Structure formats: structure tokens, C-alpha cells
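> Quick one: structure below, then a few questions.
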Amino acid sequence: MERIRTSLSIARDPWGSFEQVHPVLLSDLKRVTQTFGLAQYEQCLASCQYALDYVWEKLNNGHWKDISDQWRQIYYSVSYYKSVCLYELHHPPLKCIKTCDMGILMGVKPLKWDLCLRELASTLHKLHESTELVKDIPAAKIPRLELISPSEDKSIQRVSCPSLESFRKQWLSIGQPVIITDCMHHWPALDKWSLAYFQTVAGLRTVPVEIGSRYTDDDWSQQLLTISQFIQQYIVKHQAEGAPARRGYLAQHQLFDQIPELRDDIIVPEYCCLGESPDPDINAWFGPEGTVSPLHQDPKDNLLCQVKGRKLVKLCPPDMADCLYVNEGMLANTSQVDVESIDLQKFPLAAKVSFTESVLHPGEMLFIPAKYWHHVRSLDLSFSVSFWWS
């Protein structure tokens, strides 16, 4: 923490690169750095809160993609100062760490900003790791959804660790799904990941959790929870009391950018190097049995890697879109058809769609080509990692 305090104190006008900032806000930002340099943490904290409240209004005004990076950069930077002030003033550790996470989730690091909120959050978490660990649920007590195995003619092809050239020719170039086995044995996550491990490494970290059966439902929502709260409320309680009325799902979140300690537990599949970009988008999918991703398609190629638990995946090709009654607007990549209980009176053309399906097991990865329709249901407590690339 001493390095953090010193580096912030000697920072020279970090606000000079921000343009079109209201003079009152700019004056307050300068007070942040001035009071911090004088170790006047109470005054600095007050100025930080004023600036964050001001910028919060800007971040929540209009569509997210239209928000200027300038506002996100200010939010990130001020969150850093606020986190350190809270620590110096002996506020609860969770409050300090949540401030870091809000800066990470809502902000973006300025190009010339030397210090990193991810490092600060990790440092604070290590100083105050929760001692109330969640005991792993014995395998025999974890709810499991049993199902009849798909017939062989409807199963997704499985292949053991194909070469890069073989994968490119036989599946990638023609857009054909395949389940790849025997390619994840070297992932530390396969042995390390458990409820207790996540509680230890990241229990105090704040993440967005989807609440509801599926994101197409009217009552679907999102809530910010610590990983510990999520595990207690939607996994441990689920195991003790049965399935809740509304499930919680940490879905499609860039968890590994936020918490680098977890990033060390996974390895980018070599197949991703066949894309145009060397850095795939990496997302986490963590939740109890019964979580569902309704039938949808994504714009990029995807390797869905299963670390814990099983998932039932149903696929159909992109050219079936006319029979899938695709939503309009923000859900234009998602079908209205519930593939687990198709209403042929409402969606008669869906009768023409033929699905392939298979259960994805731990240590397996599924290649889902861009635009390929897929529906996913977790059969157990599950953790998956997806790699999207072009």
C-alpha cells in the first residue's frame, strides 16, 4: 500500500488530458489530487464522492456504447483515489474493494495511468481474505438433472485433440461444430476450482449476477453481489433448500480481466490462434444446475470450455433462422422458440428445425461456429469459460 500512496501523491495533474469537462468538475478533480498529496483523506474522499456522483449521471445517460470513454476514464481514476482514502480512513475492507470493482466494471483505465485498479483490488483482498470459507458441497448432494442420452445420429461429433491444421480444415473453415476432448488436462482450474477456492481468492469481489430463469423472461434482472454472496444465496442455499423461484447466474462476464488470479488458472486454447486477433474475448459462466441460455447466436467463433459440471447443448445451423422466429431489437440474436418445449401452434415453422445435441463434460471444449444457433442448460453446479474470436 505504501507504493500506491507514494505513486498517487507524486502524480502530476492526471486530469490534464481530459477535455470538455465542466470547470466545476475539473476544479473538484484537482482538489482530489491536492488533498491526497497532503494526506487530507477526509477532504479527498468528499471530493472523490462529488466527482463520482457527477460522472455516474453521465454514465447512465443514454446507450452504453455511446458513452464517451472520457467519463469512464474519470470514473476509473477517481475510484482509485477513493479506494485508497477509504483504506487510510479504516473503512470496512469490503467497501474499499467494492469501490475498486465498481471502477473496473463501470470505468476504463486511462492510457497514461500507471496504476491499476485490478492490482489494488487484489492487494486489498489478500490483506482481508474472508475466513468464513464455504465448504464444498459433497458430490452426492449436488443436484443433478438426469436425461436420456441423445441418439448417435443426433450427437455432436467428438474428436480427441486434433492438430491445428486438422481443426482448421475439417471444422473451422466450413463452420462445423465439434466437441474436442483431451485438450484441457493442463488447466490448473480443473483441479483448483471449488466453492471454497473462489471464496478464498475472490469472495469479496463484486460481480454482476443475472437473476431469473433466462434473459428473455420479463422478470429477468441483474444485481451486483460479491462472489461470496452469490455462492451463499444461489448455490449453497439452493443445495440446502431446493431450487429457488429465481436462479442466479454469473453469465458472460469478463471475470478474468477483473480478477487476474483466476486468469492464471486457465489457458487460451491453441485453436484461437487461427483467428485474426491474438486476444480472444474471455467470459465466465458460473451457476447452479438448471441455468439456461436460450437459443441464440453469436457474431464470433466460440470455444466453450467446460471446467466443472455438465451442460446439455443443442445446436442448429445459421440457415434455419427463418424457422426460429427471431426477436427484434436488442434481442435480435435470440429465438422466441423454447427448444425444450416447442409450441408448434405458435411457432409452426419450428417443426422443420433439426437439432444436434450432446452433453459437454468437464475437460471438454465445444467449438460453436459464428452465427450457429445454440441452447445451453447446466445439468450440475457448473463453471464454463468461453473464448470468442474472429
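> Does the range 100-130 hold any residues that are over 21 Å from Phe198 (Cβ atoms), buried (at least 17 other Cβ atoms within 10 Å of the Cβ) and either free of Cβ contacts under 8 Å to residues at least 24 places away in the same chain or of a type outside the set (A, V, I, L, M, F, W, C) (or both), and which are they?
Result: Gly103, Gly107, Lys109, Pro110.
> Give just the number: which of (1) modelled with pLDDT of 95 or more; (2) over 18 Å from the mean Cα position of the chain (by Cα) does Gly329 not satisfy?
(1)
> If Asp218 passes every condition in (1) open to solvent by 80 Å² or more (accessible area, probe 1.4 Å); (2) on the phi > 0 side of the Ramachandran plot; (3) not hydroxyl-bearing (Ser, Thr, Tyr) but one, which one does it miss?
Just one mismatch for Asp218, condition (2).
> Could you tell me how many of the residues in the range 221-244 are surrounded by fewer than 18 Cβ atoms within 10 Å (Cβ to Cβ), over 22 Å from His128 (Cβ atoms), aliphatic (A, V, I, L, M) and at pLDDT 90 or above?
0
> Which one of Val359, Val385, Val313, Val307 is over 19 Å from Pro177 (Cβ atoms), under 25 Å from the mean Cα position of the chain (by Cα) and hydrophobic (A, V, I, L, M, F, W, C)? Talk me through it step by step, then tell me what you get.
Details: Val359 fails: over 19 Å from Pro177 (Cβ atoms); Val385 fails: over 19 Å from Pro177 (Cβ atoms); Val313 fails: over 19 Å from Pro177 (Cβ atoms).
None of the others qualify; the one that does is Val307.
> Being within 21 Å of Arg377 (Cα to Cα) and open to solvent by 50 Å² or more (accessible area, probe 1.4 Å) is the filter; apply it to the range 334-350 and report the residue that is farthest from the chain's Cα centre (by Cα). It would help to see each step written out before you state the result.
Looking only at the range 334-350, we keep the residues that are within 21 Å of Arg377 (Cα to Cα), and these are 334-343, 350.
Next cut, open to solvent by 50 Å² or more (accessible area, probe 1.4 Å) only: 336, 338, 340-343.
On the way: Gln336: 24, Asp338: 24, Glu340: 25, Ser341: 28, Ile342: 30, Asp343: 32 Å.
Filtering the range 334-350 for residues that are within 21 Å of Arg377 (Cα to Cα) and open to solvent by 50 Å² or more (accessible area, probe 1.4 Å), the one farthest from the chain's Cα centre (by Cα) comes out as Asp343.
> Within the range 138-170, how many residues turn out to be modelled with pLDDT under 95 and either under 22 Å from Ile235 (Cα atoms) or touching a Leu at 6+ places or on another chain (Cβ under 8 Å) (or both)?
Residues in the range 138-170 being modelled with pLDDT under 95 and either under 22 Å from Ile235 (Cα atoms) or touching a Leu at 6+ places or on another chain (Cβ under 8 Å) (or both): 10 in total.
> Also: Which ones in the range 206-227 are aromatic (Phe, Trp, Tyr) and touching a residue at least 60 places away in the same chain (Cβ under 8 Å)? Before the answer, list the steps.
Let us first name the residues in the range 206-227 that are aromatic (Phe, Trp, Tyr), namely 215, 220.
Correct list: Tyr215 only.
The values are calculated or read from the model by the stated rules, or taken from the named source; none is laboratory data. It should be emphasised that the depicted structure is a prediction, and the values quoted were computed from it without experimental measurement. Don't worry about glycine lacking a Cβ; one is built from the backbone with ideal geometry, like all the others, and counts go over all protein chains shown. With ligands, DNA and RNA removed, areas are computed over all heavy atoms of the protein, side chains included. Shrake-Rupley method; radii C 1.70, N 1.55, O 1.52, S 1.80 Å.
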